[in-house]
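Participant: My questions all concern the structure below.
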Amino acid sequence: APHREAPAGAPPHARPPAPGPLPPPAHTAQPRDPSTALTPSARLFDCPIVGGDLASTPPGTPIHLSVTVAGTPHPTRGPVLRSTAQPGDAVWVTGAIGNSFASGRHLTFQPRIREAQWLADTLGSDLHAMIDLSDGLGRDAARIALASNTRLIINHIPLNPDSNTRSPLQAAADGEDYELLFTTPPHIQLPPTVLNTPLTRIGTVVEGTGCIIIDPQGIEHDATHLGWDHQ
């Protein structure tokens, strides 16, 4: 999906869908053309549908849809990795965190493709590391920490206004935010919004491992495993 291209700063340029397996027509109503749903987002991000594949299986087999999206790295910056955060870096996030699944935003979000391109264009090599927040702020921040052999300390989390919790720890575990978490040198100053999307400095990279969240009372919490685990 296009949101997976965003944290690399790589705008999508092609997507070959592979819907299937589909039940035989004799056993089900005519399935909708998958391109009907894919075309609007393809046009929005200038990402043409370039082909695909179909498969058929016996009745009762669940239907699934697989989509591969190819992206182009930034022409001068190159791809933005998880493994290049440095001790002393500032930690930033786009948008707000929490309550995505309960509110339904996980079905209506817009990938931060253009914001990622703006960051790569504007910061160049000062955009040190980046990841999209799909499994939870705590766990995804820890992935940057693990890849970079550092620790991320987060002391401020911008919560969505409709969040059903004001707990930063719960928001860090919710997942499905699809925002960008990125690091820059500490002297970098960014505008409060880019392309109508808020940018918030939320913490610091230090030596160590994992992710620590400091709550409003000043208590430190190990947030390394807050969020979804795919294992």
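Participant: I'd like the full set of residues that are assigned to a strand (DSSP E or B) and farther than 17 Å from Thr224 by Cα, limited to region 170-182.
Facilitator: Answer for region 170-182, where residues must be assigned to a strand (DSSP E or B) and farther than 17 Å from Thr224 by Cα: Glu179, Leu180.
Participant: Please return the ranges of strands (runs of 3 or more DSSP E) entirely within region 5-115 where 1 or more residues are loosely packed, with under 15 Cβ neighbours inside 10 Å and modelled with pLDDT of 75 or more.
Facilitator: Qualifying strands (runs of 3 or more DSSP E): 65-67.
Participant: Report, by residue number, each residue of region 66-94 that is charged (D, E, K, R) and within 15 Å of the chain's Cα centre (by Cα).
Facilitator: Residue satisfying the conditions is Arg82 alone.
Participant: Residue by residue through region 63-96, note down the ones that are closer than 16 Å to Arg143 by Cβ and aliphatic (A, V, I, L, M).
Facilitator: Selection gives Val80, Leu81, Ala85, Val91, Val93.
Participant: Hey, among Gly175, Gly210, which residue is small (Gly, Ala, Ser), at pLDDT below 90 and either closer than 26 Å to Gln110 by Cα or in contact with a helix residue (DSSP H, G or I) (Cβ under 7 Å, 6 or more places away or on another chain) (or both)?
Facilitator: Only one candidate passes the filter, namely Gly175.
Participant: So how many residues does region 108-162 have that are among the basic types (Lys, Arg) and touching a strand residue (DSSP E or B) at 6+ places or on another chain (Cβ under 7 Å)?
Facilitator: Number of matching residues: 3.
The values are calculated or read from the model by the stated rules, or taken from the named source; none is laboratory data. Remember, it's a predicted structure, so these values are computed and weren't measured experimentally. Reconstructed Cβ throughout: ideal geometry from the backbone, glycine too, with neighbour counts over all protein chains shown.
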